[in-house]
Amino acid sequence: MDIRDEIRYRYPNPIALTYHNTVNAREAMLAHSQRLRLFEVILKYLASIAICQYLGSPRDDAQVNRTLRDLERPSLGQWNGFLRSVLTYYQNANLVSSLTIPGLYDAYFERRKDRPGMADAYNAIRNLLENRSDSGAKSISTRELFDALINYRNKTTGHGVVTRELCEQMNEPLLGGLEEMLGGMAFLRDHALVYIEDVRVKRGHYTHELVSYMGSTPPSRIPEAFITDDPEQYHTEEQLYICRPGQNVPALSLHPLMIAWQGDVLFLNQSARDKELEYLSYQSGQIKKPDRLIEDFRDIMGSLLAPEGDSSVVTPSVPLPPATPLERALTAAQQEDWAEVLAQLDSVPADDAQYAEAQTLRQKAQHQHDLMARYQHATDLMKQGHWEDANQSLQGLQAEQPGYRDVSVLLRTSESEIAKLQSLQVLYDQARKALDEQRWVPALDLLRRLQGIRTGYRDVGALLDRQERLNTLYTQALDEMREHKWAVALTTLNQLQNLQPDYRDVGALVVKTQTELEKEAELQEIYGRAKVHMALEEWEEAQKLLRDIRRQQRDFLDVFDLLKEVQSHLQRPCWNCGTLQPTTRKFCSKCGSDLLQTPSVAFTPPWVCWQCSTAVPQEKKFCHKCGAPREKPASVSCPHCGHENPADRKFCSRCGKPLSGG
């Protein structure tokens, strides 16, 4: 099976579904966002497995315990730190084989040369962030790629400076690296993710009803429940578990770091408030804050979350040494929280043995804090659209400390935006000039281009709305004139004139429309007179008037049909050959007979074909031209489309609907 299908259909649901959304995202910036979401899901899933494994152990490592205290409000970098610390602990204690997934350690730490996709992603990130083009790492580990991805996320998405060009540049290597990483973690496929929906106890047997959370499809109940009579294998319901390899046997609970919620899997997220749990869905983006899990969380985390000196909580077998201000400052420095570093160093007394080291760190922290403040000011200016001011601030940062964070990237972005703004100004001036010179078509085209490049630029939106409205009314008026709807067209043109009196040739169109309205009124008057003559059977007078209308406007109302009707009354058959002749003609145009002469023998006039109007000799039963019978067959009109159908038909031959009207 192809690796893409393998991930979609055989990997845990949160990974499979996020990957499915990643591959299907077409727009560049959305695709970039989905790739970073996929990375976060992979990291949190792996870290949750390692952390829950440790929480179920004696928890006898002071350093790991101190690290896990941050689980109440974990940042993405801390998730990576949790995973690294726990796996390192199991390796140092020679306990890797006791892990539910023993291959997790090597999958995270092992550096390998057969990972070109991961290496390409790592090199692309380094080249971008360090403003270089020569990064050529060949050997790479998952840990190194995770570190690079966290740095990349914090310096791009975290600071709101993601551009379409950056996304198009990075999307392919990011997806290739993540696909290759997942392909090397077959244990994710082998250890199924399940949810224990219900546990029933009967006669010493524990029946666990399981729901599968594998693949990108919605979760589904597993037909065969997990049944055991061993109390040690009893598992708590309403929790997510990973199973033994190749079996639907729950082995490790991931509660409360991951929870199932209405068919979705949510991960513990960094909360904005203390004493509040927050869970994030990477599919919908929704955040849930289930208060009922707070007690579960504290019960499971136990002494790791207890304040130092709290005797109400049982402490682990190896007590946690309190962190010194310098240690807390060093931890904050790793997270680049320079304000916290300075705050902690302020509490180091002058007679402390670590005072000199603290002062050295303080100088560095103060410098970094100042740089960070300037950096933040520059990014704020960029968010506000003050690109020139932001560019000056960034140039100062680059000159003082080359290579600081992603300043080189931001400089390129600001320079690109400044150039774009200059181009926009040129287009805007051209559009304004075209409007002043009443060149409406070029002005509309320029305004559309401006809106497409930068929505909300100056007053382009208002100008474009007005010009689009004028253009719509103009086009509408032309269509109405083509359809000879002169009164409606005149109303539209008057509306257009009220908005912009000198718009295009609207004045000439108004004059033409008024002329056509007067002409239409004259034709209407002639038409009325013709109808009166027809009612009085004054066919020749009616014919003259109708022909006069046709000369002026060929498609006026139903004049063509009325002319045919009139002409049928102005024809008579020749007594000799039966050919229909106008009543004004004295001799037959076919045989030359005197039409005014009375025939010496009895003459039977021909009958006129009801279908093609051909004169047919009286003795003929069928028309010699079209073959129609003498008598017109009974017919019925379709109630839906009006088409004439033979009386014996049940359905219309044109529209197919029943002729009964049902």
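Split the accessible area of the chain by element, probe 1.4 Å, and carbon with sulfur accounts for 48%.
When the helices in the chain are scored as -39500 (n - 2.57) per DSSP H run of 4 or longer and the sum is shared across all residues, what 222 nm value do you end up with, to the nearest 500 deg cm²/dmol? Display every interim value, and only then the final one.
Values: 22 runs with 337 residues, N = 662.
Counting only the DSSP helices, I get -16500 deg cm²/dmol.
For region 1-48, the set of trypsin sites (Lys or Arg not before Pro) satisfying both a DSSP loop assignment and a count of at most 15 other C-beta atoms within 10 Å is given as 26. Candidate cross-link partners of residue 621 among the lysines, defined by an alpha-carbon separation under 20 Å and a same-chain spacing of 8 or more, comprise 632. Here residue 478 and residue 590 are evaluated by their C-beta separation; at R0 = 51 Å the FRET efficiency comes out at 0.55. Measuring r between the beta carbons of residue 412 and residue 209 and using R0 = 45 Å, the FRET efficiency lands at 0.20. Taking 0.36 nm per residue of separation and subtracting the current Cα-Cα distance, fully stretching the chain between residue 237 and residue 202 would add 11.0 nm.
Within the set of other residues whose C-beta is less than 13 Å from the C-beta of residue 157, count the net charge using Lys and Arg as +1 and Asp and Glu as -1. With Lys, Arg at +1 and Asp, Glu at -1, the net is +2.
Loop-located GluC sites (Glu not before Pro) in region 1-86 (DSSP state other than H, G, I, E, B) with a sparse environment of at most 12 neighbouring Cβ atoms within 10 Å: 27.
In this label model, residue 29 and residue 622 are separated by 7.5 nm, measuring between points 7 Å along each Cα→Cβ vector.
Test of understanding: what is the full-extension gain from residue 426 to residue 504, defined as 0.36 nm times their sequence separation minus their Cα-Cα distance? Working shown, then result.
Details: separation 78, 0.36 × 78 = 28.08 nm, distance 2.45 nm.
Extending this stretch completely gives an extra 25.6 nm.
Here the simple spin-label model places points 7 Å from the Cα toward Cβ, and for residue 438 and residue 6 these points are separated by 7.2 nm. The label-point distance for residue 164 and residue 138, in a model that sets each label 7 Å from Cα toward Cβ, rounds to 3.9 nm. A simple charge model with +1 on the Cβ of Lys and Arg, -1 on the Cβ of Asp and Glu and nothing else charged puts the dipole of region 513-591 at about 660 debye relative to its Cα centre.
Considering only DSSP beta bridges whose two residues both sit in the chain, what percent are antiparallel, to the nearest 5? Walk me through the numbers on the way to the answer.
Values: 42 of 42 bridges.
Taking every DSSP beta bridge within the chain, about 100 percent pair in antiparallel fashion.
Please go through region 103-179 and write out the trypsin sites (Lys or Arg not before Pro) that DSSP classes as loop and that have at most 15 other C-beta atoms within 10 Å.
On the way: sites: 111, 112, 113, 126, 132, 138, 143, 153, 155, 164; in loops: 111, 113, 132, 138.
Hits after loop and neighbour filter: 111, 113, 132, 138.
The values are calculated or read from the model by the stated rules, or taken from the named source; none is laboratory data. Just so we're clear, the structure is a prediction, and the values are computed from it rather than from any experiment. Positions of Cβ are generated from backbone atoms using ideal geometry, with glycine treated the same way; all protein chains shown enter the neighbour counts. All accessible areas refer to the heavy atoms of the entire protein, side chains included, with ligands and DNA or RNA removed. Shrake-Rupley method; radii C 1.70, N 1.55, O 1.52, S 1.80 Å.
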